[in-house]
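This report concerns only the one structure given below.
The values are calculated or read from the model by the stated rules, or taken from the named source; none is laboratory data. Fair warning: this is a prediction, and the values are worked out from it, not measured in the lab. All Cβ positions, glycine included, derive from the backbone under ideal geometry; neighbour counts span all protein chains shown. The accessibility values were calculated without ligands, DNA or RNA, using every heavy atom of the protein model including side chains. Shrake-Rupley method; radii C 1.70, N 1.55, O 1.52, S 1.80 Å.
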Amino acid sequence: MISKYFIQKLLVVCCLAATIGLLSACASDSPMSTFGAQGPGAAQLEDLFILIFWAALVVFVIVGGGLVFTVVRFRQKPGDTSLPPQIHGHRNLEIAWTIAPILVLIVIAIPSIDGIFALANSPDEDSLTVTVTGHQWWWEFDYEDEDIVTANELHIPANTVVNLNIESSDVIHSFWVPKLQGKIDAVPGHSNFLWLEADEPGTYLGQCLEFCGEAHANMRFVVIADSLEGFEDWKANQRAPANTPSGRAISGSQLFLSKGCIACHKIDSTGGTIGPNLTHFASRGTFAGSILENTRGNLIKWVTDPESMKAGNQMSAQAPVYTNPDMAMTPEEVSHIVAYLQSLK
Ligand code: CUA
């Protein structure tokens, strides 16, 4: 016999759990939530989720309600030892509970299959195409037709389909901008396709969604949807050659070569491709996998000791200036390199 006291306790625990669940869903500003879609891809996924949610809720209420009703209504009464009516092989019931799940599955399957094809195929194959490459631990965006390579900030025109070829240079990453589209893996040696579109100009947060090593959580990015004119201006600036340094930036540009930064970072057509292309570095609002604001203070700390700003980053692990004591930089040299970086508008 279940005691009244136990049921009361159980009710309190259930109410508390429900309250916690409800309150945790109340965030008004939730840029990483799939609810409140801001592009047609994410909107289709959200609609599908809501449809399946209601379908599952109806099934849950019917099955759970039927179970509770049966348990309460037909429970064994004291002194009653007779068997309940046996329904094994009841033809009509068998037909009913075969057909009902089929109907539920049809309701779910049609929009699901429609969604799979809609998301797998670009609505506009001739639209802007960008190759996205996941690196440990930052994102590279290569606008091949435009001759633009940038990092961590994907500029797109609003209200326009953008086709993305998603690749990886090392391990498996996953590209996800929850407000705009579903997620897809970035797999080394293989190109995956994803399209996205933003309804309005704005900034949309993205994040690597596949555990990919020490700085996985710090492998973020932003999609910046510009107005059409804004996007044209951005492209024109990105296509222009890097600014010619002046003042302290001249010495910074020389240190950029002598300290070995150039081995990994490209400026114009010179330099390595291991780290982000820095030709227009100062035009970006963030850096280091989009986790740091692109300010002078952050840059000084980053160039002085990147490991303290983002544990595991390849720069502190591989760059000669951090691994070879003979190449260490004085605070003055750091400030010159930062002046150079900040001149790369
Ligand atoms: Cu890249 Cu997680």
Select from the stretch 237-253 the residues that are among the small types (Gly, Ala, Ser) and assigned to a helix (DSSP H, G or I) and list them in ascending order. ALA249, SER251, GLY252, SER253
Quick check on the stretch 215-228: of everything there that is within 11 Å of the ligand (Cβ to nearest atom) and open to solvent by 40 Å² or more (accessible area, probe 1.4 Å), which residue is farthest from ALA311 (Cα to Cα)? ARG220
Which residue pairs have Cβ atoms closer than 7 Å, lie 6 or more positions apart in sequence or on different chains, and pair a first residue in the stretch 46-74 that is at negative phi with a second residue that is open to solvent by 60 Å² or more (accessible area, probe 1.4 Å) and of a type in the set (S, T, N, Q)? GLU46/THR34
Any hit, the stretch 17-37, residues being touching a helix residue (DSSP H, G or I) at 6+ places or on another chain (Cβ under 6 Å) and within 30 Å of VAL222 (Cα to Cα): yes
Selection count, the stretch 154-186, where residues are surrounded by 17 or more Cβ atoms within 10 Å (Cβ to Cβ), more than 16 Å from the ligand (Cβ to nearest atom) and free of Cβ contacts under 8 Å to residues at least 40 places away in the same chain: 2
Within the stretch 21-41, does at least one residue satisfy the condition of being open to solvent by 100 Å² or more (accessible area, probe 1.4 Å), part of a loop (DSSP other than H, G, I, E, B) and among the aliphatic types (A, V, I, L, M)? no
If I filter the stretch 187-214 down to residues being small (Gly, Ala, Ser) and part of a strand (DSSP E or B), which single residue comes out as nearest to the ligand (Cβ to nearest atom)? GLY206
How many residues, within the stretch 77-106, are under 40 Å from the mean Cα position of the chain (by Cα) and open to solvent by 80 Å² or more (accessible area, probe 1.4 Å)? 5
When you scan the stretch 127-146, how many residues do you find that are assigned to a strand (DSSP E or B) and either more than 29 Å from PHE49 (Cβ to Cβ) or without any contact (Cβ under 8 Å) to a residue 24 or more places away in the chain (or both)? 8
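Please enumerate the residues belonging to the stretch 295-311 that are in contact (Cβ under 8 Å) with a residue 24 or more places away in the chain and surrounded by 15 or more Cβ atoms within 10 Å (Cβ to Cβ).
From the stretch 295-311, those in contact (Cβ under 8 Å) with a residue 24 or more places away in the chain are 296, 299-300, 303-304, 310-311; that's our starting set.
Answer for the stretch 295-311, where residues must be in contact (Cβ under 8 Å) with a residue 24 or more places away in the chain and surrounded by 15 or more Cβ atoms within 10 Å (Cβ to Cβ): LEU299, ILE300, VAL303, THR304, LYS310.
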Examine the stretch 147-161 for a residue that is at pLDDT below 95 and either assigned to a helix (DSSP H, G or I) or under 19 Å from the mean Cα position of the chain (by Cα) (or both), and state whether such a residue exists. no
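Do the conditions hold for PRO276, that is, is it loosely packed, with under 15 Cβ neighbours inside 10 Å and assigned to a loop (DSSP other than H, G, I, E, B)?
Working: loosely packed, with under 15 Cβ neighbours inside 10 Å: no; assigned to a loop (DSSP other than H, G, I, E, B): yes.
Considered against the rule, which asks whether it is loosely packed, with under 15 Cβ neighbours inside 10 Å and assigned to a loop (DSSP other than H, G, I, E, B), PRO276 comes out as no.
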